[in-house]
Amino acid sequence: MNPHTTPVLAISLALGTTITISSNHWVLAWTGLEINTLAIIPLISKSHHPRAVEAATKYFLTQAAASALVLFSSITNAWATGQWDITQLNHPTSCLLLTAAIAIKLGLVPFHFWFPEVLQGSPLMTALLLSTLMKFPPLTLLLMTSKSLNPTLLTAMALASAALGGWMGLNQTQTRKILAFSSISHLGWIAIILVYNPKLALLTFYLYTIMTSAVFMALNKIKALNLSTILTSWTKTPMLNATLMLMLLSLAGLPPLTGFMPKWLIIQELIKQEMTPAAMAIAMLSLLSLFFYLRLAYHSTITLPPNSSNHMKQWYTSKPPSTPTAILASLSILLLPLSPMIHAIV
Amino acid sequence: MSPLHLSFCSAFVLSGLGLAFHRTHLVSALLCLESMMLSMFVGLTMWPIENQTPSFTMVPIIMLTFSACEAGTGLAILVASTRTHGSDHLHNLSLLQC
């Protein structure tokens with residue numbers, strides 16, 4: 001690839017995200033979404049491998065259809081009400097169309113099939129971009145229209161996301177697919193609180209971004225694409241593996257770590273809104289995803305199975321430590337005591 | 001619902017159904033995407049005429065520009081996937097399924 005391509009793509013990604021999150025007009029928001037989609041496709045299909053090209057094809061088809069649906073819902077709204085303001089999406093049909101379109105863009109459950117396959121076909125750092133930065137603009141649109149969305153539909157989609165994300169991740173051995181299903185179940189947690197407390201949904205997304213970036217960067221450091229590579233990597237980077245275990249438990253939401261904070265606040269808010277059955281259901285469904293996080297955590301530490309391993313031991317090579325990984329790992333482990341401050345800032 | 005509104009809405013819905021249910025060739029999926037974009041172009045052009053807002057007449061051109069970029073990317077992906085998978089049949093894209 002031409003060396004000038006990567007900066008152009010990075011600037012386009014930043015530009016598209018900024019346009020969408022700062023716009024107040026539907027056409028500008030759609031423009032930002034289109035710029036984002038067009039800029040990430042060369043990053044997915046950078047290696048001209050059949051799997052990468054297939055991932056780019058699937059990503060392009062779903063995202064193009066979804067952004068067309070976003071624009072169509074806003075056109076319907078404009079023909080009915082005569083204005084293009086994002087925050088005033090009043091027409092009921094366009095609300096439903098927008099919910100479906102954003103669900104396709106994010107990978108919420110009835111429309112989630114593209115997401116694990118695209119993640120599996122792209123490199124680890126592109127997968128990190130796809131599961132964090134690419135979800136931010138559609139989520140912003142959903143936050144800005146959250147007053148007029150249908151709460152029953154969103155709660156149903158959220159519970160289905162948490163259930164299927166946990167359930168389909170159980171029999172995966174590829175780390176990118178496991179992280180894709182973990183992303184789907186975290187989106188369920190974001191979508192269930194979206195109508196009732198949009199600030200809390202944004203806080204959940206920020207914390208999920210921090211935790212999953214730390215996990216992706218650690219996996220990229222040890223070049224672990226499946227579970228057996230993680231199993232033998234403790235000879236290579238022992239400290240990073242111990243930290244990876246803590247980061248995975250934080251992603252699962254266990255109490256002394258950061259990941260517990262959004263789950264705690266969301267369950268509290270749901271009980272305040274008298275939605276105790278939904279809170280109980282989503283808390284129980286997160287146990288499903290806890291199972292595969294625990295399996296990854298077993299493999300990342302020295303907890304080997306008692307039989308002889310078929311895999312080659314990897315050499316210990318001294319590599320320079322990576323500062324962003326260290327910062328993100330500390331944030332994803334230690335933020336729980338600061339939760340009142342973070343909750344007040346967001 | 002005016003006849004104009006009905007015509008571009010039904011064009012969008014029909015091409016969307018074509019994209020969703022006619023899943024043999026990648027070319028036909030791209031053509032369905034293009035016809036979705038064209039029906040929205042009609043909707044965007046007619047909106048300022050119906051509402052007497054001439055300041056909005058720039059927007060259909062912007063939308064058409066981006067849909068042309070999208071069509072170009074789609075054709076590039078068509079060429080790439082035909083070279084790697086042998087044909088443009090969508091059922092060949094099954095390397096990544098779990």
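The values are calculated or read from the model by the stated rules, or taken from the named source; none is laboratory data. Because the structure is predicted, anything quoted here is derived from the model rather than measured. All Cβ positions, glycine included, derive from the backbone under ideal geometry; neighbour counts span all protein chains shown. Protein only, heavy atoms only, side chains kept; ligands, DNA and RNA dropped before computing areas. Shrake-Rupley method; radii C 1.70, N 1.55, O 1.52, S 1.80 Å.
Data overview
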| quantity | calculated |
| --- | --- |
| Residues satisfying the stated conditions in the stretch A:14-47, i.e. touching a residue at least 60 places away in the same chain (Cβ under 8 Å), closer than 21 Å to A:Q120 by Cα and open to solvent by 10 Å² or more (accessible area, probe 1.4 Å) | A:L43, A:K46, A:S47 |
| Output for the stretch A:241-268, where each listed residue is in a helix (DSSP H, G or I) and either polar (S, T, N, Q) or more than 22 Å from the chain's Cα centre (by Cα) (or both) | A:N241, A:A242, A:T243, A:S250, A:Q268 |
| Selection count, the stretch A:204-237, where residues are more than 16 Å from A:L257 (Cβ to Cβ) and not aromatic (F, W, Y) | 19 |
| Verdict on B:L19 being outside any helix (DSSP H, G or I) and at the interface with another protein chain (Cβ under 9 Å from one of its Cβ atoms) | no |
| Residue count for the stretch A:161-179, restricted to those that are in a helix (DSSP H, G or I), within 13 Å of A:L296 (Cβ to Cβ) and either more than 13 Å from every other protein chain (Cβ to nearest Cβ) or open to solvent by less than 20 Å² (accessible area, probe 1.4 Å) (or both) | 4 |
| Candidate set: the stretch B:64-79, residues that are at the interface with chain A (Cβ under 7 Å from one of its Cβ atoms) and buried (at least 17 other Cβ atoms within 10 Å of the Cβ); chosen: the one farthest from A:T37 (Cα to Cα) | B:I77 |
| Filter pass, A:V53 being assigned to a helix (DSSP H, G or I) and more than 7 Å from chain B (Cβ to nearest Cβ) | no |
| Residues that are more than 18 Å from B:A11 (Cβ to Cβ), of a type outside the set (A, V, I, L, M, F, W, C) and touching a Pro at 6+ places or on another chain (Cβ under 7 Å), drawn from the stretch B:29-78 | B:P48, B:P54, B:T57 |
| Top-ranked residue of the stretch A:96-143 - restricted to ones that are among the hydrophobic types (A, V, I, L, M, F, W, C) and not in a helix (DSSP H, G or I), ranked as surrounded by the fewest Cβ atoms within 10 Å (Cβ to Cβ) | A:F113 |
| Of all residues making up the stretch B:46-60, the number that are among the hydrophobic types (A, V, I, L, M, F, W, C), closer than 18 Å to A:F72 by Cβ and more than 8 Å from every other protein chain (Cβ to nearest Cβ) | 2 |
